[in-house]
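Read the structure below first, then the notes.
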């Protein structure tokens, strides 16, 4: 899944958390620069999830990006820029972490494991 991130100057451990949920960072805007705030009239092509970091964005910027997501039927979540808050928001949105060590993990396989009857 490709995600666009809006907010936060630096991402720190966030790329690792997103990767554990099977999410790739498609584009990241800090949101501080005024050219980032209103210039986009649509989300980048291929964006499947919009993540807004609320502690780095003003209300008008958040409103603008939420409207873009709604217009293009893209899911969005809003959370603080912390690993715990991001994980909680992703889980509440129905996404689960992928565990490479689990016997049922399908990462890197062409087909999922099948049950024996």
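For segment 2-92, the relative contact order works out to 32 percent when only alpha carbon pairs closer than 8 Å and six or more residues apart are counted. Altogether, the Stokes-Einstein calculation at 4 °C and 1.567 mPa s, with the Kirkwood radius of segment 1-92 over Cα pairs as Rh, returns a diffusion coefficient of 100 µm²/s. The stretch between residue 56 and residue 91 holds 10.4 nm of extra length on full extension. This uses 0.36 nm per residue minus the Cα-Cα distance.
Every number here is computed from the coordinates shown, using simple stated rules; none is lab data. Small disclaimer: the values here were computed from a predicted structure and weren't measured.
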